[in-house]
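Every number in this text was worked out from the coordinates using simple rules, so none of it is lab data. For clarity, every value in this text was computed on a predicted model and none was experimentally measured. Positions of Cβ are generated from backbone atoms using ideal geometry, with glycine treated the same way; all protein chains shown enter the neighbour counts.
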Amino acid sequence: MNTPRRTAPDRAGFGLPGLRRLTRTACRLALAAAVLTAAAGCGGHAASSRSADDGSRTVQDLGAVPIPSPPSDRATPTADEKHLQLVAVGSPVRAQLPEATAVVRASGPTEDLPDPTPGGKPPEHVTGALTITLDQATAPLTVQAGDFTSRDEDGKDITLTPSGATTATATPGHPATLALTGTFAAGAAQLTWRHDGKTVAVWDFSIELD
């Protein structure tokens with residue numbers, strides 16, 4: 001008698017029904033991944049669009065941000081016979097006088113220091129030259145050596161003598177210079193300019209001898 005032969009049961013995932021289930025599962029996973037990717041792309045695009053829209057609205061609400069311009073040069077102070085200017089040596093002053101307006105500047109003093117000696121002490125005094133420049137004159141303007149005086153920090157007068165011409169006249173388009181020489185001690189000092197006896201400008205400076 002022949003015994004009927006039994007077919008061995010299929011293992012899950014390896015038989016035909018299991019293979020179909022595995023294939024369907026893979027397809028579902030692939031489809032889900034594609035949907036998620038598309039959703040993420042749409043979300044990023046939407047976020048970028050929202051950011052651009054927010055930026056545009058901010059500019060519309062507040063206005064474009066201005067770009068600051070570089071700072072301009074400091075304006076030249078103006079002085080006249082009733083309002084003097086006190087500035088540091090080397091600074092210009094625009095002098096508005098009855099006969100003319102001009103920019104006046106005092107520079108220096110240029111010190112004539114002696115050659116140092118080993119172990120020697122610095123000098124107590126030094127000869128220095130101050131230069132007064134007149135420029136941008138609107139009409140002829142003359143200054144004289146006697147218009148300028150100097151004092152040290154103790155209020156002691158410093159004698160100034162012209163080095164060259166005793167007067168200088170500036171005309172439109174032609175500046176002029178006046179050189180004055182004095183003997184200065186270490187410390188602070190001032191140069192004062194008077195026009196027709198009225199103080200117009202005072203320049204501060206200092207002398208260092210060490």
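Give me the number: length gained by fully extending Glu208 to Asp80, i.e. 0.36 nm times residue separation minus the C-alpha to C-alpha distance, one decimal in nm. Walk me through the numbers on the way to the answer.
Numbers: separation 128, 0.36 × 128 = 46.08 nm, distance 3.17 nm.
Extra length available between Glu208 and Asp80 comes to 42.9 nm.
So for the range 148-210, considering every pair of alpha-carbon atoms, how many percent are separated by more than 13 Å? Write out the running numbers ahead of the final one.
Numbers: 1347 of 1953 pairs.
The calculated P(r) of the range 148-210 puts 69 percent of pairs beyond 13 Å.
What length, rounded to one decimal in nm, is gained on full extension from Thr131 through to His174, with 0.36 nm per residue of separation minus their alpha-carbon distance? Walk me through the numbers before you get to the answer.
On the way: separation 43, 0.36 × 43 = 15.48 nm, distance 1.65 nm.
Stretched fully, the Thr131-His174 segment lengthens by 13.8 nm.
How long is the gain from Asp196 to Ser107 if the chain were fully straight, where each residue apart is worth 0.36 nm and the alpha carbon distance is subtracted? Mind dumping the intermediate values first?
Details: separation 89, 0.36 × 89 = 32.04 nm, distance 2.21 nm.
Taking 0.36 nm per residue and subtracting the Cα distance, the gain is 29.8 nm.
What is the sum of charges, Lys and Arg at +1 and Asp and Glu at -1, for the other residues whose Cβ falls under 13 Å from the Cβ of Gln190?
Numbers: positive: Arg151, Lys156, Arg194; negative: Asp152, Glu153, Asp154, Asp157, Asp204.
In short, -2.
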